[in-house]
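One structure is given below, encoded as structure tokens.
The values are calculated or read from the model by the stated rules, or taken from the named source; none is laboratory data. Quantities reported herein were computed from a predicted structural model and do not represent experimental measurements. Because the Cβ atoms are built from the backbone with ideal geometry, glycine has one as well, and the counts that use them run over all protein chains shown. Quick note on the areas: whole protein, heavy atoms, side chains included, nothing else; ligands and nucleic acids left out. Shrake-Rupley method; radii C 1.70, N 1.55, O 1.52, S 1.80 Å.
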Amino acid sequence: MTEKQNLTILGSTGSIGISTLDVVARHPGKFTIVALTARHQVDAILEQCLNFGPKYAVMLEPQAAEMLARKIKQAGLDCEVLCGVEGMEKVAALPEVDAVMAAIVGIAGLRPALAAARAGKKILLANKEALVTAGPIFMDAVRTGGATLLPIDSEHNAIFQALPHDYAGQPGTSGIRRILLTASGGPFRTAPLGELDLVTPAQACAHPNWVMGQKISVDSATMMNKGLEVIEAHWLFNATAAQIEVVIHPESVIHSLVEYIDGSVIAQLGNPDMRTPIAYALAYPERIAAGVPFLDLPKLGVLHFEAPDELRFPCLKLAYHALRAGRRAPTALNAANEVAVASFLAGELGFLQIPQLIEAVLEQLDNRPLAALADVLDADQEARIHAGQWLATVQKNRIREKHGSLMRS
Ligand code: NAD
Ligand code: MG
């Protein structure tokens, strides 16, 4: 990485966005921040603009963009404020941009990430939902746009590092038997099953090893995160469902492993800190410091492994099912999960109802082919409508039950 790289960071105010800026700040002279984007966090992005001086800042919401533009003017910064998904697509595809960190959460990140792929950028992909919902379309855009896709998800970054590389340093797939994705098991790995229906959003977001955004934290607690990652691995590494195995590893020190036909297993280890995969992808194929404490193996002592419990983590099975079903099923799975997690975080849905809602949506799915972006958006919308109907029925039943018990008491 001899030349200075120009970066756009999509979702700069989130957990991954902040960690990316942390790594960038450790290497003055190596990176220039061209654009930052966020949903509506005006003060947070203003502070980032003051620190990194981007040429563009994009807010999803128009009122937030107006407010930011006023504050940027007051601060005397030379930064153009744009708005909406179109603004994010624009800054992901600017001619002067070399690399795009795709760190928006959910399918909301798909269109800007696709714009980066079509414009042939180096894409640092954290936004796994883009691949889960639109796998074939996204991979096609990467190929035809001449983009380079580097995984940020720690597991996929680990696999990328453990893949066979040819003498020119290009990753390949020769001799691989299986991909082993590690999972921490989240905060409820050992909690009594009978207590899970009373779990609160705060408990679900208290991950034992990682500090992350709320949505991925809930996904980790249900293990839907690992399910989405199985689908992500399918697209990134051209592996079938049968070639991807999930192993619970509570310490989150081994980030994933590649098993070869000769019996070799190559793992990537490190402290659980997203700045390691971010730094790896930013500087690839070189290495730069990430600010992450080094691993102390004697202090760690032992590492543990176990098979995931299907009864405790039904979301994982649902994701494998969606991957095997293909077509629109992964898009519907993701949409149902986004609705379920938002309802759970709003206190409107129980933790154990998350997989119930997703299963109900998948059962109703008319699994037509998925050939273009319009099909993805259509499948996403349809699944959200079904999820909304399911939620409304559950709510109606809850009111009826409450009413019934009031009548009896
Ligand atoms: P986060 O919630 O902390 O941040 C999300 C960012 O996206 C914020 O900047 C927010 O303003 C922006 N955003 C949210 N909704 C938006 C919308 N509708 N339109 C445009 N922008 C929007 O999330 P995070 O934890 O940083 O995760 C980001 C992505 O990275 C997710 O796809 C997640 O699965 C993936 N990821 C995160 C981690 C982690 O450690 N946090 C690890 C692996 C993968
Ligand atoms: Mg991960």
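Please list 337-345, 121-129, 254-262, 85-93 highest first by mean number of surrounding beta-carbon atoms within 10 Å per residue.
So the peptides 337-345, 121-129, 254-262, 85-93, ranked by packing, come out 121-129, 337-345, 85-93, 254-262.
Straight-line reach from K71: which aspartates and glutamates have a Cα under 15 Å away, not including same-chain ones fewer than 8 places off?
Cross-link targets: D43, E47, E80.
Rank F294, F52 by accessible area, highest first, at a 1.4 Å probe radius?
F294, F52
With just the Cα atoms defining each centre, how far is region 127-181 from region 1-69? Give it in Å.
Between the Cα centres of region 127-181 and region 1-69 lies a distance of 25 Å.
Could you put W235, W210 in order of accessible surface area, largest first, with the 1.4 Å probe and the full protein assembly present?
Numbers: W235 75, W210 35 Å².
Most to least solvent-accessible, the answer reads W235, W210.
Calculate the spin-label point distance for A346 paired with Q74, positioning each point 7 Å from the Cα along the beta-carbon direction, and give it in nanometres.
3.2 nm
Would you look at the GNM of the chain, springs on alpha carbons closer than 10 Å, and say which of V97, V105, V302 moves the most?
Ranking V97, V105, V302 by mean-square fluctuation puts V302 first.
Over region 322-409, what relative contact order in percent results from Cα pairs under 8 Å that are six or more residues apart? Spell out each step's value before the answer.
On the way: 75 pairs, mean separation 30.9, N = 88.
The normalised contact order for region 322-409 reaches 35 percent.
Rounded to the nearest 500, what is the chain's calculated 222 nm mean residue ellipticity when only DSSP H runs of at least 4 contribute -39500 (n - 2.57) each, over all residues?
Value at 222 nm, helices only: -15000 deg cm²/dmol.
Does region 295-375 come out rounded, prolate or oblate, given a ≥ b ≥ c as the square roots of the eigenvalues of its C-alpha gyration tensor, rounded meaning a/c under 1.5 and, failing that, prolate meaning a/b above b/c? Show your work: numbers first, answer last.
Working: a/c = 2.35, a/b = 1.70, b/c = 1.38.
Prolate shape, in that a/c is at least 1.5 and a/b is the bigger ratio.
I want to verify a result. In a Gaussian network model of the chain, Cα cutoff 10 Å, which of these has the top mean-square fluctuation: A392, A162, A25?
With Cα springs under 10 Å in the chain, the top fluctuation among A392, A162, A25 is at A392.
Of all accessible surface on the chain at a 1.4 Å probe, what whole percent is carbon and sulfur? Walk me through the numbers before you get to the answer.
Details: 10000 of 18390 Å².
Carbon plus sulfur share of accessible area: 54 percent.
Farthest toward the dipole's positive end in the chain, which of A322, V302, V218, given Cβ charges of +1 (Lys, Arg) and -1 (Asp, Glu) about the Cα centre?
Of the listed residues, the answer is V218.
Please list, or write none, the lysines whose alpha carbon is within less than 21 Å of the alpha carbon of K73, excluding same-chain residues fewer than 8 places away.
Counting by Cα, and skipping residues close in sequence, K73 has these lysines nearby: K55.
Which residue, chosen from I354, G87, V23, occupies the Cα position most advanced towards the positive end of the dipole of the chain, where the dipole is computed from +1 (Lys, Arg) and -1 (Asp, Glu) charges on Cβ about the Cα centre?
Result: G87.
Could you grab the relative contact order for region 50-207? Cα pairs under 8 Å, six or more apart, rounded to a whole percent.
Working: 196 pairs, mean separation 20.9, N = 158.
Reported as a whole number, the value is 13 percent.
Ordered by packing density, taken as the mean number of other Cβ atoms within 10 Å over each peptide's residues, highest first, how do 201-207, 73-79, 134-140 rank?
By packing density, highest mean first, the sequence is 134-140, 201-207, 73-79.
What number, in percent, do you get for the relative contact order of the chain if the mean sequence gap of Cα pairs under 8 Å and at least 6 apart is divided by its residue count?
14 percent
Among K128/K317; K128/K215; K90/K121; K317/K396; K226/K299; K226/K317, which pairs are too far apart, with a Cα-Cα distance over 20 Å?
Values: K128/K317 18 Å; K128/K215 12 Å; K90/K121 13 Å; K317/K396 28 Å; K226/K299 28 Å; K226/K317 10 Å.
Violating the 20 Å Cα-Cα cut-off are K317/K396; K226/K299.
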